[in-house]
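These notes concern the structure reproduced below.
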Amino acid sequence: MTGAMRRTSTGVAIVAELVAGIGTSHVPAVGAAIDNGRQGEPYWAPYFDKIEPVRAWMAEADPDVCIVVYNDHASAFSLQIIPTFAIGVAAQFPPADEGYGPRAVPVAEGHPELAWHLAESLILDEFDMTIVNEMPIDHGCTVPLSVAFGQPERWPCRLIPICVNVIQYPAPTGHRCYQLGRAIRRALDAWPGDERVVIFGTGGMSHQLQGERAGLVNAEFDRAFMDRLVADPVAQAAVGHTEYMREAGSEGIELVMWLVMRGALDSDVREVLRVNHVPTSNTSNGLIVLEPR
Ligand code: DHB
Ligand code: FE
């Protein structure tokens, strides 16, 4: 239970501080390029040059906790059980073996106390989260950590992973994801700790991995998505699955997870950084950093 609100000597409530929201693609080949020392190769250098300012920003922001909203790609859950929303409350999250051995990245340290607070707050707020005590994290989560932090010996912050099903139809709506973000924010605002938190929404941008339109990239859609995410997230949250599929490809639906991140922020945000880069594997790679004003 949350218990009594802690206050400073001047009576100000002590709650978690949401420092920023980050939207980023989670392309597995980016993780492989990092792990295999290929960041300087001609194919990869232009992308890694572009994300350098994000890593510098992250080092400066120095969060205590990262909440990473991502989709498990049938790594932790298989296809036998498909939770719409799940939260990892474990003390540690090892990298998943996605078929060629786990990535050589650190085991992420969890934050069970805050994760259980989030679970309690979200469920009492009528979001039926699946509580996950044991959860290896796949590229959906580890690649954003690598993008943000590079290759440290240990991840410099604790991790609370939140999974959203965007693999098996029906995925939750953009609106539901945005509302989940609002509920995460209410939970953070009621947490009597002084942690500095960054929330990630991952996946996207436009991409399709199979079928006739495999390799689809729609730069115009991606740019408009980022613009609306910043300026009018409520309008973006009203966009339906069919439009994502048609405009951004079958895997472009992952973008609804950016709306969870955006929902956690205030309505007015400052865009600190934006990156868009093509190609990285099959995906239009996007990254945005938003701070509360
Ligand atoms: C790719 C992108 C993804 O988001 C993913 O989950 C798997 C593969 C890709 O572009 O290769
Ligand atoms: Fe993905």
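The values are calculated or read from the model by the stated rules, or taken from the named source; none is laboratory data. Here the structure is a predicted model, which is why all the values come from computation and not from measurement. Neighbour counts are summed over all protein chains in view; Cβ atoms, including those assigned to glycine, are modelled from backbone coordinates with ideal geometry. Just the protein is used for accessible areas: all its heavy atoms, side chains included, with ligands, DNA and RNA removed. Shrake-Rupley method; radii C 1.70, N 1.55, O 1.52, S 1.80 Å.
Out of curiosity, is Glu212 open to solvent by 10 Å² or more (accessible area, probe 1.4 Å) and under 26 Å from Leu79 (Cβ atoms)?
yes
Of everything in region 267-293 that's polar (S, T, N, Q) and in contact with a strand residue (DSSP E or B) (Cβ under 9 Å, 6 or more places away or on another chain), which residue is farthest from ligand 2 (Cβ to nearest atom)?
Checking each candidate, the answer is Asn276.
Among all residue pairs at least 6 apart or on different chains, which show Cβ distances below 9 Å where the first residue, located in region 115-134, is without any contact (Cβ under 8 Å) to a residue 24 or more places away in the chain and the second is of a type in the set (Val, Ile, Thr)?
Short answer, once both residue conditions are applied: Ile123/Ile131.
Residues that are in contact with a helix residue (DSSP H, G or I) (Cβ under 9 Å, 6 or more places away or on another chain), at least 3 per element: which strands (runs of 3 or more DSSP E) completely within region 51-142 meet that?
It comes to 65-70, 85-88.
Scanning region 202-254 for residues that are charged (D, E, K, R) and under 20 Å from the mean Cα position of the chain (by Cα), which turns out nearest to Val272 (Cα to Cα)?
Out of the qualifying residues, it is Asp227.
Scan region 211-228 for residues that are touching a helix residue (DSSP H, G or I) at 6+ places or on another chain (Cβ under 6 Å) and assigned to a loop (DSSP other than H, G, I, E, B) and jot them down.
Asn218
Pick from region 119-147 the residues that are in contact with a strand residue (DSSP E or B) (Cβ under 6 Å, 6 or more places away or on another chain) and under 20 Å from Gly23 (Cβ atoms): which of them is nearest to ligand 1 (Cβ to nearest atom)?
Among those that are in contact with a strand residue (DSSP E or B) (Cβ under 6 Å, 6 or more places away or on another chain) and under 20 Å from Gly23 (Cβ atoms), it is Gly140.
Which one of these does Asn276 not meet: (1) within 21 Å of Val69 (Cα to Cα); (2) open to solvent by 10 Å² or more (accessible area, probe 1.4 Å); (3) in contact with a helix residue (DSSP H, G or I) (Cβ under 8 Å, 6 or more places away or on another chain); (4) away from ligand 1 (no atom under 16 Å from the Cβ)?
Of (1) within 21 Å of Val69 (Cα to Cα); (2) open to solvent by 10 Å² or more (accessible area, probe 1.4 Å); (3) in contact with a helix residue (DSSP H, G or I) (Cβ under 8 Å, 6 or more places away or on another chain); (4) away from ligand 1 (no atom under 16 Å from the Cβ), only one is false for Asn276: (4).
Among the residues that make up region 229-246, is at least one of them open to solvent by 10 Å² or more (accessible area, probe 1.4 Å), closer than 30 Å to Met5 by Cα and not in a strand (DSSP E or B)?
No: zero hits.
Scan region 149-159 and give yes if some residue there is open to solvent by less than 20 Å² (accessible area, probe 1.4 Å) and assigned to a strand (DSSP E or B), otherwise no.
Within region 149-159, one or more residues are open to solvent by less than 20 Å² (accessible area, probe 1.4 Å) and assigned to a strand (DSSP E or B).
Give the residues of region 252-273 that are without any contact (Cβ under 8 Å) to a residue 60 or more places away in the chain and open to solvent by 10 Å² or more (accessible area, probe 1.4 Å), sorted by residue number.
Once the filter is applied, which keeps residues that are without any contact (Cβ under 8 Å) to a residue 60 or more places away in the chain and open to solvent by 10 Å² or more (accessible area, probe 1.4 Å), region 252-273 yields Asp266, Ser267, Asp268, Arg270, Glu271.
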